[in-house]
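Structure record follows, encoded as structure tokens.
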Amino acid sequence: MATQVEDINPDIPSDVNYLNVTKGLKSWLTTHDHKRIGVMYLYSVMAAFLVGGMLALAIRLELLSPGQTVMSSETYNQVFTLHGIIMIFLFIIPSIPAALGNFIMPLVIGAKDVAFPKLNLASYYIWVVGAIFTIVAIITGGVDTGWTFYTPQSIRQSGSVIWMGLGIFILGFSSIFTGLNFLVTMHKLRDPKIGWFDMPLFCWAIYGTALIQILATPVLAITVLLLAAEKIFQVGIFNPALGGDPVLFQHFFWFYSHPAVYIMILPGMGVISETITAFSHKPIFGYRFVAFSSIAIAVLGFLVWGHHMFLSAESEFSTMIFSFLTFFVAIPSAIKIFNWTATLYKGSIALTTGMLYTLAFLFLFSIGGLTGIFLGALSVDVHLHDTYFVVAHFHYVMMGGTVMAFLAGIYYWWPKITGRMYPENISRFACLLVFIGFNVTFLTQFVVGSKGMPRRYYDYLEQFAPLNQFSTFGSWILGAGILIATVSLLWSLKNGQKATANPWGAAGLEWKTGSPPPLENFHELPEIKHGPYDYDYLYGGQKPTRH
Amino acid sequence: MNGAGTLQLPPQASTVAADIDALYYFIFWGCAIAFILVMGGMFFFMAKYRRREGVPYKPSPSHNTPLEVTWTVVPFLLLMVVFVWGFKGYMDLHITPANAMEYSVRGKQWLWQVNTPGVSTASVNEMVVPVNTPIKVLLQSDDVIHSFFVPDFRVKMDAYPNQYTTMWFEATKTGEFDMYCTEYCGTEHSQMFGKVIVKTQAEFEEWMGQNTGRQEDQDPAEYGEGLFVSKTCATCHSIDGSTALTGPSFKGLWGSQESLADGSSVLVDENYLRESMLEPNAKVVAGYEGVMPTFTGLLTDDDIFCLIEYIKTLQ
Ligand SMILES: [Cu+2]
Ligand SMILES: [Cu+2]
């Protein structure tokens, strides 16, 4: 056996760490520590996820049988609106960047904190205010517009959609500030010994995400302002009754929301690059291809918004261009899938929970990506547009992709964040339930949709009943999996075994400090001898490589 | 429904369906193969390289330019095939044959109003067309965006309040085909549902001939009962006194004193009922929202008379 060149799991003391240096609620609420802010985000977005998940269960319950099952059509429409808004704006967008990104990114570039710690805390509070504002606006205003709030439907009855929009506007600023903070941090606070190509791919993904957050989110803010201006000054912008154009709204909306899809998925891809290498003790296959594909996705993502509007009276010419570009943007994602799979080749694969979620990601995200090809193909999209096929497709991408990656990241970094190990077997079991439940729920929806059932339907024809029932059963399995995972993670906070500095034998810099890390991340910055994926050096006795 | 279609797709009942389905299955099988290859690799590696005690670490290359270029270029070329094929199919859907019959379809919350060329009153949630004849559909909306979708024909198009959109199809089978609204349009979105009825040329001409309303000798109340369903009143009004629907029940309505939203009340007689159908917002019933669409142009005078006769029977 090759000699081990350095102590992979050094005994770094962590009796005084970021969790216990100061005590009390106030010390948390006024903290400037990126790790504590990350943890506060983590709990908050998890809470949002659980609420959104319960709403999802309610939606599936209503769809258990045709006609009214448990709620009226008004309630149903409000429930799916709330589900969509919470999951997208409160959960997925901040999930990985703001929670895991905040915690991990400064650590792995050898920084003591982010560039603007106070702004970081402010971002969190802006998120909280925006979240409360949005939810209150939806519930008190009975908003039932869907998360897309297309005009003129959204502006017909009351002004409540404007209030909801304002909530999202506030949330948008939280997202912009976080993005800005991260960009500056990576440029200015990166340890001089860590070159751009020595950064973990997670940072590249966060970088790409931050770019989109800064460039795209203002468009959403502009849209909301225009909606408000239209309402207040009665000038026609989007409202046909005033001479406005509803298609214009769709352009604005998707000009933000398509890039936002990449705000949601890029960080997930970043997490997967970390977990798949750490759990198979293998350098990432094709570092540069993966790194540049993140940036390619961020850029190309701005050019395909029109693929949501193939049936929105778009000209044949622009339809053609958007379809072409859509296929183009599929390539970088495909490259990543191939590279991750190739990373496993000749690895030393440990099937921990984090790895299982990683593999689940590969499986589900591949399906999500491949079914996107159906929707990009123009003639087929005419049939599938706005059916359940689309619902299934984006759940495979968002939940099968981002959420699986988020969970993979949580299990991977849990020892680092909390200083405790989670219970492995029960967590694996929960992962299995999530995987099975997810497929039962959403695989069926592809067929429901390609057979012709439109989305956002409260009621449906008898012929769709068996598949819908099946999907609802799946949602219960999925719910049970998430419940078990949540309970066991919370349990481990107090009762889990104490974690060592580097329980996975991983190469990243974050594992060279205590679990949990001290206040300013490292007692003293370790000598950086190798890159974040240099397992050939750590375990194979090869010379350290720098990219 | 005619036939069950395939496992994933509904029956094919229009000229464009076969080509769209062929592309669908081309993509499907391409994806299936790609998926099995990648997942096969993943599961194989997972089993073969599972971490085991005492197995020494063997470094292996983590970079291979020819391989990486291959898996970039090959998928790209395949996707270009899909792109071109999809675009051609899309153009077929967009170029309306010059000899098409022109129907007009209006979406409004929450029904489809269909005007057949040569028929003076519009039908509701029902579109009767001849088989093997190109049909152009001029779409518009009275209020919000709707989208007209007939799965068995593989056609769909959004309907806008401020502009016309068009689409066309040619049915290749006779029978009844579901049509839906696929753009979310509010509370009763999922009830905005109807049928396209495809008839043979001879049947279609016969239908055009007799579609002038009630037969001489038919009982008005009985005919009205049919209208109550076919003109969609039943989606919002019950006849058994239940109040679960959007509008008031018709049971016991005739001859009663109706209290209105403005606080006044009115005797329910023929004129009130007529006005309720033609100008529903003139007098809004207390406790309800004025969301009933106007039926002006959708009901002939005789239809209104028959509906009134029918409501009278619901005591
Ligand atoms: Cu998109
Ligand atoms: Cu609709």
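No value in this document is a laboratory result; all are computed from the given coordinates. These numbers come from a predicted model, not from an experiment. Reconstructed Cβ throughout: ideal geometry from the backbone, glycine too, with neighbour counts over all protein chains shown.
Taken over the C-alpha atoms, the stretch B:9-152 has Rg and Dmax values of 25.7, 86 angstrom. Here the alpha carbons of the stretch B:101-210 define both size measures, Rg and Dmax, at 13.1, 40 Å. What is the list of residues in the stretch A:427-456 whose amide nitrogen lies under 14 Å from a point 7 angstrom out from the Cα of A:Trp491, following Cα to Cβ? Inside the label zone: A:427-431.
Its residue count N fixes a reference of 2.2 N^0.38 Å for the protein assembly as shown, and the Cα radius of gyration divided by that reference is 1.04. In the stretch A:396-547, inverting the average of 1/r over every pair of distinct C-alpha atoms gives 18.6 Å as the Kirkwood radius.
In units of the compact-protein estimate 2.2 N^0.38 Å, the stretch B:17-94 shows a Cα radius of gyration of 1.67.
Taking 0.890 mPa s as the viscosity and 25 °C as the temperature, the Stokes-Einstein diffusion coefficient of the stretch A:160-242 based on its alpha-carbon Kirkwood radius rounds to 165 µm²/s.
For chain A, the longest principal axis of the Cα atoms and the long axis of helix A:201-233 meet at an angle of about 30 degrees.
Think of each Lys and Arg Cβ as +1 and each Asp and Glu Cβ as -1; about the Cα centre, that makes the dipole of the stretch B:101-210 roughly 160 debye.
Relative to the longest principal axis of the Cα atoms of chain A, the long axis of helix A:246-280 makes an angle of roughly 30 degrees.
For B:Leu278 and B:Phe76, the difference between the fully extended length at 0.36 nm per residue and the C-alpha to C-alpha distance is 66.9 nm. With a 10 Å cut-off around each Cβ of B:46-53, the average count of Cβ atoms from other chains is 5.
Among B:Trp29, B:Trp71, A:Trp491, the order by Cβ neighbours within 10 angstrom, fewest to most, reads B:Trp29, A:Trp491, B:Trp71. Simple rule: put +1 on each Lys or Arg Cβ and -1 on each Asp or Glu Cβ in the protein assembly as shown, find the dipole, and look at A:His393, B:Trp168, B:Leu299; the Cα lying farthest toward the positive end is A:His393.
The H on the amide N of A:Thr387, modeled in the peptide plane, is under 5 Å from the matching H of A:Arg455, each at least 5 residues off or on a different chain. In whole Å, how far is the Cα centre of the stretch A:336-388 from that of the stretch B:42-87? That distance is 13 Å.
In the protein assembly as shown, a dipole from Cβ-located charges (positive for Lys and Arg, negative for Asp and Glu) runs towards its positive end, and of A:Tyr256, A:Ile284, B:Val55 it is B:Val55 whose Cα lies farthest in that direction.
For the stretch A:319-413, the equivalent ellipsoid built from the Cα gyration tensor has semi-axes of 29, 15, 9 Å, listed from largest to smallest.
Under 28 Å Cα-Cα from B:Lys199, which lysines qualify once same-chain neighbours fewer than 8 residues away are excluded? Those lysines meeting the cut-off are A:Lys451, B:Lys108, B:Lys136, B:Lys156, B:Lys173, B:Lys231.
Rounded to the nearest 5, the antiparallel percentage of DSSP beta bridges internal to the stretch B:101-210 is 70%. Pairwise Cα distances in the stretch B:220-312 exceed 18 Å for 40 percent of all pairs. Counting only other residues whose beta carbon sits under 12 Å from that of A:Val290, what net charge do I get with K and R as +1, D and E as -1? Here the charged neighbours net out to 0. Debye-formula intensities of the stretch A:43-128, expressed as log10 I(q)/I(0) at q = 0.16, 0.18 Å⁻¹, are -0.70, -0.80 (one equal scatterer per alpha-carbon, no solvent). Computing Rg and the Kirkwood Rh from the Cα coordinates of the stretch A:35-538 gives a ratio, Rg/Rh, of 0.96.
Indicate, rounded to the nearest 5 percent, the antiparallel portion of the DSSP beta bridges found entirely in chain B. Here the share of antiparallel DSSP bridges comes out near 70 percent.
Taken as Cα centroids, the stretch A:102-134 and the stretch B:244-315 sit 59 Å apart, rounded to the nearest whole angstrom.
For B:Ser14, nonlocal amide neighbours, meaning residues 5 or more places apart or on other chains whose placed amide H falls under 5 Å from its own, are B:Thr172. Sort the stretch A:1-68 into rounded, prolate or oblate with this rule: let a ≥ b ≥ c be the square roots of the eigenvalues of the Cα gyration tensor; rounded if a/c is under 1.5, and if a/c is not under 1.5, prolate when a/b is larger than b/c, oblate otherwise. Oblate shape, in that a/c is at least 1.5 and b/c is the bigger or equal ratio.
Quick check on the protein assembly as shown: of the DSSP beta bridges with both residues there, what percent are antiparallel, nearest 5%? The antiparallel proportion sits near 70 percent. Between amide H atoms placed 1.01 Å from N, distances below 5 Å from B:Ser147 occur with B:Ala159, B:Thr182, B:Glu183, all of them 5 or more places distant or on a separate chain. Taking the convex hull of the alpha carbon positions in chain B and averaging its projected area over all directions gives 25.6 nm². In terms of its C-alpha gyration tensor, the stretch A:229-293 has a prolate overall shape, because the principal axis ratio a/c (a ≥ b ≥ c, square roots of the eigenvalues) is not below 1.5 and a/b outweighs b/c.
Which of the residue pairs A:Lys282/A:Lys512; A:Lys118/A:Lys529; A:Lys193/A:Lys346; A:Lys35/A:Lys188 have a Cα-Cα distance greater than 26 Å in the structure shown? In this structure, A:Lys118/A:Lys529; A:Lys193/A:Lys346 lie more than 26 Å apart at Cα. Of the DSSP H helices in chain B, those with a Cα length along their own long axis of 18 Å or more and a mean Kyte-Doolittle hydropathy reaching 1.0 comprise B:17-48, B:65-94. If only the Cβ of Lys and Arg carry +1 and only the Cβ of Asp and Glu carry -1, the dipole of chain A around its Cα centre is close to 760 debye. Sequentially through the stretch A:65-77, phi angles give Karplus couplings (6.51, -1.76, 1.60; θ = phi - 60°) of 9, x, x, 6, 10, 10, 8, 7, 5, 4, 4, 4, 5 Hz, Gly and Pro residues having no value and appearing as x.
A convex hull fitted to the Cα coordinates of the stretch A:265-359 yields 93 cubic angstrom per residue.
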